[in-house]
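Novice: Before I ask anything, let me first share the structure, which is written out below as structure tokens.
Nothing in this text is a laboratory measurement; each read-out follows from the coordinates by a stated rule. None of these values were measured; they are calculated from a predicted model. As a convention, Cβ positions derive from the backbone with ideal geometry for all residues, glycine included, and neighbour counts pool all protein chains shown.
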Amino acid sequence: MRIDVVTIFPAMIEDACAHGVTGRARSRGLWQLGVWNPRDFTADAHRTVDDRPYGGGPGMVMMPGPIAAALHAARDAQAVAGVARGPTIYLSPTGVPLTHARVMELVSRREYGLTLLAGRYEGIDQRVLDAEVDLEVSIGDFVVSGGELPALLLIDALVRQLPGALNDAESAAQDSFADGLLDCPHYTRPERYDATGVPAVLLSGDHAAIWRWRRKQAVGRTWQRRPDLIERRGLRADEPALLAEYQLEASRGAP
Ligand code: ADE
């Protein structure tokens with residue numbers, strides 16, 4: 001998979017992608033990264049990429065020219081590398097929410113180059129967004145100071161789904177959201193910590209019982225913390241019974 005990022009802070013992207021799962025997957029050749037700085041596509045001595053907003057108001061707006069030139073350079077580089085053109089995504093709090101489903105959809109089209117646009121200041125001139133961007137994506141109902149961290153979140157979520165990016169122990173199939181539910185709790189040694197033990201079933205060696213307990217916790221947690229997910233997905237097969245059990249145990253004060 002090839003991902004190109006347009007940003008005035010290329011080192012933020014390069015550095016963060018050098019670590020952990022994304023770094024390992026990159027050095028194994030599972031994905032390629034390109035970064036493009038709009039300042040490299042300016043003609044003035046100050047390498048200006050922003051200006052005051054028409055209509056007045058606070059803050060600065062990123063100018064269309066350098067952004068368009070950086071996006072075109074990114075797509076040209078993809079074409080030279082033999083990568084077919086895929087979507088251009090602008091990271092913005094005004095975008096559609098980033099979800100597991102959207103991540104999986106992008107991963108399923110990983111043979112196409114993905115171009116991410118990270119903005120700074122109050123935003124980017126709408127004309128270049130209208131002309132160049134296929135989708136605006138938000139990482140949540142809050143604002144961060146630029147699109148770089150949101151772009152990195154999206155990159156991490158995508159790369160960990162690439163075949164071979166995770167080893168068996170890290171399997172993405174067991175992640176929260178993989179089956180529409182939150183993940184169950186996890187425990188490791190020591191067996192007693194701060195005078196608290198580990199749920200007995202996890203020490204039982206009974207794999208069917210352990211599997212059932214984990215699904216019960218996943219259903220129960222999702223019901224407690226994210227009822228909207230249950231509402232949308234519904235409960236399947238034995239999940240209503242697992243939830244009833246969880247609710248009974250919770251009402252009795254079980255952990
Ligand atoms: N840029 C600033 N805030 C953002 C958000 N919530 N999602 C995506 N990009 C952003």
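Novice: Can you tell me the alpha carbon radius of gyration of the range 175-251 divided by the globular rule-of-thumb value 2.2 N^0.38 Å? Mind dumping the intermediate values first?
Specialist: Details: Rg = 13.3 Å, N = 77, 2.2 N^0.38 = 11.5 Å.
The reported ratio for this selection is 1.16.
Novice: Label points 7 Å out from Cα along the Cβ direction at R127 and M104: separation in nm?
Specialist: 4.2 nm
Novice: Please give the length that would be gained between F9 and E249 if that part of the chain were fully extended, namely 0.36 nm times their separation in residues minus their C-alpha to C-alpha distance (nm, one decimal). Walk me through the numbers before you get to the answer.
Specialist: Numbers: separation 240, 0.36 × 240 = 86.40 nm, distance 5.03 nm.
Contour length minus Cα-Cα distance gives 81.4 nm.
Novice: 5 Å is the cut-off here: which amide hydrogens, built 1.01 Å from N in the peptide plane, fall below it relative to S138, excluding neighbours closer than 5 in sequence?
Specialist: S92, G95, V96, L98
Novice: Using only the alpha-carbon atoms, how far is helix 64-80 inclined from the longest principal axis of the chain? Give it as 0 to 90 degrees, nearest 10.
Specialist: 70 degrees
Novice: For the range 228-242, in order, what is each residue's ³J(HN,Hα) by Karplus, 6.51 cos²θ - 1.76 cosθ + 1.60 with θ = phi - 60°, in whole Hz (x at glycine and Pro)?
Specialist: Whole-Hz 3J(HN,Hα) from phi for the range 228-242: 4, 5, 5, 4, 6, 8, x, 10, 10, 6, 8, 5, x, 5, 4.
Novice: Here is a further query. When only Cα pairs under 8 Å and 6 or more residues apart are kept, what is the percent relative contact order across the chain?
Specialist: 18 percent
Novice: Follow-up question, since we're still on this one. Before rounding to the nearest 500, sum -39500 (n - 2.57) across all DSSP H runs of length at least 4 in the chain and divide by the residue total; then give [θ] at 222 nm in deg cm²/dmol.
Specialist: Rounded to the nearest 500, the figure is -12000 deg cm²/dmol.
Novice: Here's a follow-up. Arranged from highest to lowest average of other beta-carbon atoms within 10 Å per residue, in what order do the peptides 194-203, 151-160 appear?
Specialist: Ranked from most to least packed, the peptides come out as 151-160, 194-203.
Novice: Using 0.36 nm times the number of residues separating A84 and R28, minus their current alpha carbon distance, what extension gain do you get? Please list the in-between numbers first.
Specialist: Numbers: separation 56, 0.36 × 56 = 20.16 nm, distance 2.13 nm.
Contour length minus the Cα-Cα distance gives 18.0 nm.
Novice: While we're on this one: Please compute the Kirkwood hydrodynamic radius over the range 2-159, one decimal place, Å, based on all pairs of different Cα atoms.
Specialist: That comes to 15.9 Å for the range 2-159.
Novice: So how do F41, F142, F9 line up by other beta-carbon neighbours within 10 Å, fewest first?
Specialist: F142, F9, F41
Novice: Let me ask something additional. Could you sort 73-81, 30-38 so that the peptide with the highest average Cβ count within 10 Å comes first and the rest follow in order?
Specialist: So the peptides 73-81, 30-38, ranked by packing, come out 30-38, 73-81.
Novice: Please give the per residue volume of the convex hull enclosing the alpha carbon atoms of the range 118-157, rounded to a whole number of Å³.
Specialist: With only Cα atoms used, the range 118-157 gives 79 Å³ per residue.
Novice: Follow-up. Starting from the Cα gyration tensor of the range 98-213, multiply each eigenvalue by 5, take the square root, and state the resulting semi-axes largest first in whole Å.
Specialist: So the three semi-axes of the range 98-213 are 39, 18, 12 Å.
Novice: What spacing in nm lies between the two simple spin-label points modelled at V198 and Y112, each 7 Å away from Cα in the Cβ direction?
Specialist: 4.5 nm
Novice: Now for a different question. What FRET efficiency would be calculated for the residue pair E136, D183, taking the C-beta separation as r and a Förster radius of 35 Å, to the nearest 0.05?
Specialist: That pair, E136 with D183, gives E of 0.75.
Novice: So how far, in whole Å, is the C-alpha centre of the range 187-238 from the one of the range 84-148?
Specialist: First find each Cα centre; the distance between them is then 35 Å.
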